[in-house]
Amino acid sequence: MPYTVHQAKTHFSRLLKEAEAGQEVVVMRGKKPVAKIVSIQLGAPKRRIPGGFEGLVVADDSAFDPFTDEELAEYGFGFMLNGELSGKIEGQDSPRSKRAE
């Protein structure tokens, strides 16, 4: 159903209700149609399928092993360590001793 711009501004809520009801609302400037208000048809949300990513992500059992002290320091979690690094590699200083310098 066609409406003038003034009518559309004045009765916008009613025009939205008409569009929701499935009617096509046309806004006209003079005798020229300039806009169309239509309802957005939303489908039912897709149901998720459990296990949809099964087999796409592969991780061996070592992915669940706890980090070593060296790995914690390397990834920026050295502040979580209690005391010096255990099993440090010869010739390398621990991150804690570098901070103290």
Please verify whether region 34-50 includes one or more residues that are in a helix (DSSP H, G or I) and either surrounded by fewer than 12 Cβ atoms within 10 Å (Cβ to Cβ) or among the basic types (Lys, Arg) (or both). no
Inspect all residues belonging to region 1-9 and state whether any of them is in contact (Cβ under 8 Å) with a residue 24 or more places away in the chain, in contact with a strand residue (DSSP E or B) (Cβ under 9 Å, 6 or more places away or on another chain) and loosely packed, with under 10 Cβ neighbours inside 10 Å. yes
Is it the case that some residue within region 5-22 is among the β-branched types (Val, Ile, Thr) and touching a helix residue (DSSP H, G or I) at 6+ places or on another chain (Cβ under 9 Å)? no
The condition of being assigned to a helix (DSSP H, G or I) and aromatic (Phe, Trp, Tyr) holds, among 53, 79, only for 79
Surrounded by 10 or more Cβ atoms within 10 Å (Cβ to Cβ), among the charged types (D, E, K, R), part of a loop (DSSP other than H, G, I, E, B) and modelled with pLDDT under 85 - does that describe any residue in region 86-95? yes
Among the residues of region 15-33, is there at least one that is without any contact (Cβ under 8 Å) to a residue 24 or more places away in the chain, in a strand (DSSP E or B) and over 26 Å from the mean Cα position of the chain (by Cα)? yes
Can you pull out the residues in region 51-73 that are exposed (fewer than 10 other Cβ atoms within 10 Å of the Cβ) and not small (Gly, Ala, Ser)? 53, 54, 56, 57, 58, 60, 61, 64, 65, 66
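The values are calculated or read from the model by the stated rules, or taken from the named source; none is laboratory data. Since the model is a prediction, treat every value here as computed from it, not as a measurement. Methodologically, a virtual Cβ is constructed for each residue, glycine included, from the backbone with ideal geometry; neighbour enumeration extends over all protein chains shown.
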